[in-house]
Amino acid sequence: METVEARLARARAALAGVQYRVGTTRDRWEAPTLPLAPVLDRVLPQGLRRGQVVSVIGSTSLMLALASAASAEGSWTAVVGMPSLGVVAAARRGLDLTRLALVPHPGAQAAAAAGACIDGMDVVILGPRLALSDADRRRLASRARERGTVIVAEGPWSGAHATLTAVASRWHGLGAGDGRLRGRDLEVRVEGRASGPARLVSLRLDAEASVRREAGVPEPLRALGGAA
């Protein structure tokens with residue numbers, strides 16, 4: 001039976017092969033920041049800086065939105081430990097499915113799986129119930145700094161460069177018994193060493209369609225995502 005170490009080595013080798021074929025090796029990733037959707041400029045005025053950890057509490061939509069512009073412009077994204085997240089939801093938030101890796105059930109190998117993704121991806125999104133100790137988190141943060149990867153973690157993360165907490169939300173688009181959900185207003189508390197004094201920021205996450213077109217998401221997925 002193949003060992004866990006052998007499977008991880010094989011996964012890393014496969015990832016390196018993909019990077020080589022599509023021209024996304026680390027020596028080409030020189031910009032200190034990744035693209036960020038304009039609506040999020042007030043949340044992270046210094047941008048989505050490589051090597052940092054961003055903690056997000058209370059909003060999966062916000063987590064995905066943080067990665068959307070980078071994904072649309074060619075960055076690779078991995079989502080680890082979020083089994084309820086499907087490709088439709090990812091596409092609706094603007095992630096390019098051709099550069100998206102989903103690791104829904106890493107189990108006891110969560111730290112190793114996250115580390116392998118950090119080695120090869122621009123943005124790694126981590127779910128809230130991963131089996132990660134405090135030491136694991138410190139090692140992953142250090143690895144992200146070395147590799148120039150952004151970690152977007154759901155839930156509290158000690159030492160995060162920025163913590164974004166959704167303190168209030170309101171969906172809009174529904175009428176008096178008709179219509180459909182078209183967007184979400186969020187009030188976000190922003191705090192952390194990379195974001196200055198704690199402050200509240202109001203956001204409207206309702207630009208999914210235009211982001212999806214720019215990202216080249218296939219039309220059937222756009223239509224299905226828009227009807228959700």
Test of understanding: among 120, 81, 94, 127, which residue is buried (at least 20 other Cβ atoms within 10 Å of the Cβ), closer than 25 Å to residue 189 by Cβ and either modelled with pLDDT under 95 or polar (S, T, N, Q) (or both)? 94
Among the residues in region 38-59, are any in a helix (DSSP H, G or I), among the polar types (S, T, N, Q) and either at pLDDT 65 or above or farther than 20 Å from residue 129 by Cα (or both)? no
Can you tell me which condition residue 195 does not meet? The list is (1) modelled with pLDDT under 85; (2) over 20 Å from residue 36 (Cβ atoms), and all the others hold. (2)
Options 147, 204: the member that is within 25 Å of residue 118 (Cβ to Cβ), surrounded by 12 or more Cβ atoms within 10 Å (Cβ to Cβ) and modelled with pLDDT under 95: 147
How do the pairs read when you match residues in region 67-90 that are at positive phi with residues anywhere that are assigned to a loop (DSSP other than H, G, I, E, B), using Cβ under 6 Å and keeping only pairs 6 or more apart or on different chains? 81/106; 81/127; 81/130
Whether any residue in region 13-21 is more than 17 Å from residue 115 (Cα to Cα), among the small types (Gly, Ala, Ser), at pLDDT below 70 and over 12 Å from the mean Cα position of the chain (by Cα) is what I want to check. yes
Find the residue count for region 133-144, including only residues that are under 30 Å from residue 200 (Cβ atoms) and either modelled with pLDDT under 95 or in contact with a helix residue (DSSP H, G or I) (Cβ under 6 Å, 6 or more places away or on another chain) (or both). 2
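Which residue is surrounded by the most Cβ atoms within 10 Å (Cβ to Cβ), if the candidates are limited to region 107-117 and must be small (Gly, Ala, Ser), touching a Leu at 6+ places or on another chain (Cβ under 8 Å) and over 20 Å from residue 67 (Cα atoms)?
The extreme case among them is 110.
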Can you name every residue in region 97-106 that is buried (at least 19 other Cβ atoms within 10 Å of the Cβ) and farther than 25 Å from residue 47 by Cα? 103, 106
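The values are calculated or read from the model by the stated rules, or taken from the named source; none is laboratory data. Just so it is clear, the structure is predicted and the values come from calculations on it, not from any experiment. All Cβ positions, glycine included, derive from the backbone under ideal geometry; neighbour counts span all protein chains shown.
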